[in-house]
């Protein structure tokens with residue numbers, strides 16, 4: 001790897017994505033540093049998966065993507081053609097998905113699907129590529145990797161398929177790995193194994209890992225840095241210890257109150273909940289999208305809210321960093 | 001898998017036996033065969049002689065089992081009109097019809113698959129609509145009329161291709177094109193639907209995330225999955241096509257099984273008619289059987305179970 | 001795109017409507033007796049060619065009969081065959097399909113077997129053989145086609161009945177103790193009608209095409225009746241010198257079949273009968 005840990009690898013500024021009259025992402029900012037795990041967290045429909053797909057250039061054809069800045073290692077992704085972008089994908093930035101059951105092509109063996117990425121970006125013989133695939137499957141703790149190369153996806157369990165997906169993503173030593181809820185579709189025990197694997201790989205290979213999740217437990221265990229998304233916006237972003245130690249945006253506080261933390265939550269007290277649902281946002285929406293569910297809403301929440309930054313910790317809210325009171329409306 | 005093969009084959013045999021019975025009953029529709037064979041001017045003694053000669057004086061059930069048993073062993077008796085063994089006639093004519101069928105399905109696949117892919121990649125655009133219109137035109141064109149038009153244009157106007165006969169490969173071009181028209185719309189729609197399905201699947205998203213080239217994504221990853229039903233349906237279409245070869249062979253005077261069928265029908269040559277009906281049915285049954293089995297073998301998910 | 005689709009539907013309706021009009025009012029529309037021969041005025045060209053006779057807009061055939069009049073009466077034959085064959089095959093196919101789909105199990109196995117067997121029988125060949133054996137007449141052609149063309153009706157009726165049968169409100173009717181006949185008549189049939197209407201258009205087009213094929217091969221509608229297929233067949237002897245004799249009936253046949261298919265396509269989009277392909 002060229003640059004050291006801690007320099008910016010991916011910079012996203014004011015990313016906007018819309019599908020027809022639906023604004024899925026409305027000006028999201030994100031900076032992912034080399035060698036760090038950056039968790040993007042939020043409820044379903046908040047735009048976190050769409051953001052990940054937009055970074056990779058994998059949005060559906062009916063999506064409109066705009067941004068002020070979308071830079072990967074000094075290269076402006078907005079200016080790259082589809083074929084130039086495809087040279088980057090799978091090579092220097094790779095992605096794994098939520099649905100391991102359907103993400104592998106049923107018609108080809110694991111080995112041929114893994115070898116294909118390597119040969120596309122690095123060339124070389126099929127045998128070389130298969131050797132590399134075997135090494136990576138072993139690194140992803142797949143048992144009898146040589147045997148797996150000749151198997152078809154339907155012969156593997158969900159957890160195994162996700163390991164194959166991870167190994168396949170690592171074939172070309174990418175600098176950035178985007179993982180979109182990689183464990184949501186798996187059994188709980190398998191989830192833990194996959195997360196452990198991702199954590200170890202991230203550390204051993206010095207990967208920048210963009211991990212999309214709705215699970216704050218996962219965030220707490222894995223993240224170096226966290227961005228919280230709500231209704232298509234990043235509402236708070238901070239190093240993990242800051243975010244958990246000093247959550248500032250009412251939505252972040254509400255979200256954290258929903259998580260049972262052993263030792264902190266008392267059995268006789270009800271767990272937090274945020275009433276209402278994520279609103280559907282049209283293209284001309286203004287102000288804070290959380291105001292209808294917020295316990296601290298004020299009239300000026302309906303105007304454009306500025307980003308407040310304090311060192312590496314930033315949030316999009318009119319409140320001061322040390323406000324107190326209920327985060328969300330009572331149910 | 002073995003059980004599937006067994007059940008599927010048993011069904012095919014059962015269908016074949018039913019068609020066998022049907023082919024026999026079909027020729028008894030006219031009433032007394034002996035009168036039909038003897039012709040309108042025959043005397044009563046002649047009719048009686050014919051009845052005995054062809055064994056038509058026996059009970060119908062005996063006639064059926066006798067005929068069915070021989071038919072099952074490939075003996076269809078002697079043709080009334082050609083004065084030859086029906087099996088010999090079929091052996092002589094079959095290569096022409098099979099060549100025509102293979103040319104026809106070949107042209108159909110070469111045209112239908114690219115058009116289907118094109119329409120799928122441009123779903124709901126004018127390209128998609130235009131391709132759909134082409135399919136609809138193909139479906140509405142009467143094959144015999146199209147054959148005559150091609151004859152007029154390529155045969156007479158341009159003088160590029162022979163109008164009738166079996167001499168060379170050029171003789172198969174126009175009949176092959178006409179025959180392919182009957183299969184193109186179905187194969188094209190199937191390719192389109194399969195490609196649209198495949199292109200929106202998760203594994204195509206994975207293929208794109210891997211940075212594969214557009215051609216690899218479309219042709220290797222999507223088409224492989226979309227093509228499986230197309231392959232099996234094309235076998236079925238080939239079966240229908242061979243059945244439809246009667247029209248095309250008659251128009252182009254191609255001396256294949258279809259032409260033989262038309263000749264024997266117009267000459268009341270029952271042994272030949274029965275044999276040809278049975279032959280086309282058995283070809284169809286075998287082709288669909290092959291298609292189903294091929295489908296099971298091609299699809300790795302079905303192969304395992 | 002939607003405009004294009006509606007244009008297709010409108011075109012289809014227009015074509016089918018005008019052919020139907022010609023079929024019904026043939027006697028009023030025909031400028032000449034379609035059977036009257038005039039050997040001194042044979043193979044007169046149509047109006048766009050030189051040497052045409054204004055009295056015969058589309059010219060005359062090899063026996064000097066007025067082509068336009070024969071074309072108009074031919075519309076009656078095509079529509080008659082198309083509609084009657086659809087009724088016959090519809091009754092057979094829907095009965096078979098609904099029985100299989102509704103009762104399921106062994107009954108359905110038998111139904112599937114019948115459909116499979118029917119598909120194995122070579123259609124044109126058997127139709128030709130039957131007509132040849134029994135003798136060609138309009139009735140024989142209609143019945144033969146009707147008895148052979150029911151397969152798609154049966155397949156679609158079977159699948160849609162199966163789908164409808166498992167719907168919640170049909171289960172509710174079962175639970176409420178309604179009789180089989182009542183459920184079939186009141187719940188199942190009305191719900192499978194729209195996909196079957198689409199099948200009917202497809203089969204009508206197919207029946208018209210097959211009649212033309214049979215007549216073209218000389219085993220369909222007997223002469224001197226002016227079936228469009230027969231007109232093409234009679235014209236093919238002369239097509240090398242007067243190609244218009246096969247153009248005229250061929251184009252009308254093509255446009256009619258195209259119109260019926262467009263109508264069916266429009267219908268499919270309107271009723272959302274995606275089961276029918």
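Remarks
- Applying the criterion of at least 1 residues that are surrounded by fewer than 19 Cβ atoms within 10 Å (Cβ to Cβ), away from every other protein chain (no Cβ under 14 Å) and in contact with a strand residue (DSSP E or B) (Cβ under 9 Å, 6 or more places away or on another chain) to the strands (runs of 3 or more DSSP E) found wholly in the range A:1-82 leaves A:8-19, A:22-33, A:63-66, A:69-72.
For (1) at pLDDT 80 or above; (2) away from chain C (no Cβ under 14 Å); (3) touching a strand residue (DSSP E or B) at 6+ places or on another chain (Cβ under 6 Å), each residue gets a yes or a no:
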position	(1), (2), (3)
B:6	yes, yes, no
B:16	yes, no, no
B:28	no, no, no
B:33	no, no, no
B:39	no, yes, no
B:53	no, yes, no
B:75	no, yes, no
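- Within the range A:287-315, residues that are farther than 25 Å from residue A:45 by Cβ sit with their Cβ atoms under 6 Å from residues that are part of a loop (DSSP other than H, G, I, E, B), at 6+ positions apart or across chains, in these pairs: A:300/A:318.
- So residue C:82, is it surrounded by 19 or more Cβ atoms within 10 Å (Cβ to Cβ) and under 20 Å from the mean Cα position of the chain (by Cα): yes
- Taking the range A:101-211 and the helices (runs of 4 or more DSSP H) fully enclosed by it, the elements with 2 or more residues that are under 30 Å from residue A:227 (Cβ atoms) are at A:110-122, A:126-139, A:158-169, A:188-205.
- Residue count, the range A:95-106 (criterion: at the interface with chain B (Cβ under 7 Å from one of its Cβ atoms) and touching a residue at least 40 places away in the same chain (Cβ under 8 Å)): 7
- Residue match in the range C:199-206 (condition: closer than 27 Å to residue B:263 by Cα and more than 21 Å from the chain's Cα centre (by Cα)): no
- Condition check for residue A:87 on (1) surrounded by fewer than 23 Cβ atoms within 10 Å (Cβ to Cβ); (2) in contact with a strand residue (DSSP E or B) (Cβ under 9 Å, 6 or more places away or on another chain); (3) within 21 Å of residue A:176 (Cβ to Cβ): one failure, at (2).
- Those helices (runs of 4 or more DSSP H) of the range C:1-108 in which at least 3 residues are within 14 Å of chain B (Cβ to nearest Cβ) and out of contact with any strand residue (DSSP E or B) (no Cβ under 7 Å at 6 or more places or on another chain), considering only elements entirely within it, cover C:2-24, C:67-103.
- At least 3 residues being buried (at least 24 other Cβ atoms within 10 Å of the Cβ) is the threshold, and among the helices (runs of 4 or more DSSP H) wholly inside the range C:147-223 those reaching it are C:151-165, C:189-216.
- Restricting attention to the range C:226-237 and to residues that are modelled with pLDDT of 85 or more and assigned to a loop (DSSP other than H, G, I, E, B), the residue that is surrounded by the most Cβ atoms within 10 Å (Cβ to Cβ) turns out to be C:227.
- Qualifying positions in the range A:93-109 - touching a strand residue (DSSP E or B) at 6+ places or on another chain (Cβ under 7 Å) and surrounded by fewer than 23 Cβ atoms within 10 Å (Cβ to Cβ): A:98
- Residue B:84 being surrounded by fewer than 12 Cβ atoms within 10 Å (Cβ to Cβ), more than 30 Å from residue B:293 (Cα to Cα) and more than 12 Å from chain C (Cβ to nearest Cβ): no
- Of the helices (runs of 4 or more DSSP H) lying entirely inside the range B:202-293, those carrying at least 1 residues that are touching a residue at least 12 places away in the same chain (Cβ under 8 Å) and away from chain A (no Cβ under 14 Å) are B:223-252, B:257-266.
- Residue C:240 meets all of the listed conditions (1) in contact (Cβ under 8 Å) with a residue 60 or more places away in the chain; (2) more than 13 Å from residue C:61 (Cβ to Cβ); (3) surrounded by fewer than 19 Cβ atoms within 10 Å (Cβ to Cβ) but one, namely (1).
- Hits in the range C:89-116 - residues which are free of Cβ contacts under 8 Å to residues at least 60 places away in the same chain and within 22 Å of residue C:214 (Cβ to Cβ): C:91
- Test for residue B:135: is it within 22 Å of residue B:243 (Cα to Cα), surrounded by 19 or more Cβ atoms within 10 Å (Cβ to Cβ), in contact with a helix residue (DSSP H, G or I) (Cβ under 6 Å, 6 or more places away or on another chain) and within 14 Å of another protein chain (Cβ to nearest Cβ): yes
- Options B:118, B:146: the member that is buried (at least 18 other Cβ atoms within 10 Å of the Cβ), modelled with pLDDT of 85 or more and either more than 8 Å from chain C (Cβ to nearest Cβ) or within 21 Å of residue B:198 (Cα to Cα) (or both): B:146
- All positions within the range C:126-146 that are outside any helix (DSSP H, G or I) and either farther than 19 Å from residue B:265 by Cα or touching a strand residue (DSSP E or B) at 6+ places or on another chain (Cβ under 8 Å) (or both): none
- Helices (runs of 4 or more DSSP H) fully within the range B:91-201 counting 2 or more residues that are assigned by TED's automatic domain parsing to the domain that holds residue B:216, free of Cβ contacts under 8 Å to residues at least 40 places away in the same chain and under 28 Å from residue C:230 (Cβ atoms): B:126-140, B:143-150
The values are calculated or read from the model by the stated rules, or taken from the named source; none is laboratory data. All figures in this text were calculated on a predicted structure; none of them were measured in a lab. Positions of Cβ are generated from backbone atoms using ideal geometry, with glycine treated the same way; all protein chains shown enter the neighbour counts.
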